[in-house]
Amino acid sequence: PVAIENPATMADGIRVGRPGDVPFGIIDELVDEVRTVSEDQLSAALLLCLERAKLVVEPAGASPVAALLGAQRDIVGPVVAVLSGGNVDPVLLQRVLRHGMAAQGRYLAVRLRLTDRPGALATLLGVLSVVDANVLDVSHVRTDPRLGLTEAEVELHLETKGPEHCAEVGRALRDAGYTVID
């Protein structure tokens, strides 16, 4: 066994600096392969378990699903992923789900400038509603030295249906005459 100092992972149930001698002996004797997964894969697995199977599992418990998702082409069935543990902090779960959705292209942040006049923000939100983008957060700045006297800057955080929907939102904004600021 190799010792790792302060392993960083959300999967605290399997965050071990060094496996013990007895567990390592069992693994060495009985396990054919060990796979590692990334934090992004853990997030995606948690999101999949929650959305598709309606199961709340802790990150360590979702690691078998993460391993399967990361190696779909290498897996020859039948395969069973054992899910375990519902001991997940609600704040961590919220962060993990947001991260998983962002990794899947289901969040979009856009920043743009508009003319600072009554109804301009409502018009922008109308464009987004036509393409079915769900607005999660709006930051509307009117007093910034970078802005002209008649300008406002808006930053929007949107929930989308995936990368194709993000592209559709971008096209709709461009078609409506908006320029997205990087």
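Only residues in the range 99-113 that are on the phi > 0 side of the Ramachandran plot count as the first member; pair them with residues that are of a type in the set (Asp, Glu), Cβ under 9 angstrom, at least 6 apart or cross-chain, and list the lot. Listed by first residue and then by second, the contacts come to 105/164. For the range 149-164, filtered to residues that are without any contact (Cβ under 8 Å) to a residue 40 or more places away in the chain and open to solvent by 30 Å² or more (accessible area, probe 1.4 Å), the residue that is nearest to residue 124 (Cα to Cα) is 151. If you go through the range 65-107 and keep only what is open to solvent by less than 50 Å² (accessible area, probe 1.4 Å) and of a type in the set (D, E, K, R), you end up with just 106.
Close Cβ contacts (under 8 Å, 6 or more residues apart or on different chains) running from residues in the range 51-71 that are touching a residue at least 12 places away in the same chain (Cβ under 8 Å) and more than 16 Å from residue 96 (Cβ to Cβ) to residues that are crowded, with 17+ Cβ neighbours inside 10 Å and β-branched (Val, Ile, Thr) comprise 67/37; 70/37.
Within the range 27-55, restricting attention to residues that are out of contact with any helix residue (DSSP H, G or I) (no Cβ under 6 Å at 6 or more places or on another chain) and assigned to a loop (DSSP other than H, G, I, E, B), the residue that is surrounded by the fewest Cβ atoms within 10 Å (Cβ to Cβ) is 32.
Matching residues to (1) under 14 Å from the mean Cα position of the chain (by Cα); (2) part of a helix (DSSP H, G or I); (3) small (Gly, Ala, Ser):
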{"position": "83", "(1), (2), (3)": "no, no, no"}
{"position": "86", "(1), (2), (3)": "no, no, yes"}
{"position": "95", "(1), (2), (3)": "yes, yes, no"}
{"position": "99", "(1), (2), (3)": "yes, yes, no"}
{"position": "105", "(1), (2), (3)": "yes, no, yes"}
{"position": "143", "(1), (2), (3)": "no, no, no"}
{"position": "158", "(1), (2), (3)": "yes, no, no"}
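When residue 125 is tested against (1) modelled with pLDDT under 90; (2) open to solvent by less than 80 Å² (accessible area, probe 1.4 Å); (3) not charged (D, E, K, R), exactly one condition is not met: (1). Filtering 172, 167 for residues that are at pLDDT 95 or above, among the aliphatic types (A, V, I, L, M) and not in a strand (DSSP E or B) leaves a single hit, 172.
How many of the residues in the range 2-15 are open to solvent by 70 Å² or more (accessible area, probe 1.4 Å) and at negative phi?
Count: 8.
The values are calculated or read from the model by the stated rules, or taken from the named source; none is laboratory data. Small disclaimer: the values here were computed from a predicted structure and weren't measured. Positions of Cβ are generated from backbone atoms using ideal geometry, with glycine treated the same way; all protein chains shown enter the neighbour counts. For accessibility, only protein heavy atoms count, side chains too; no ligands or nucleic acids. Shrake-Rupley method; radii C 1.70, N 1.55, O 1.52, S 1.80 Å.
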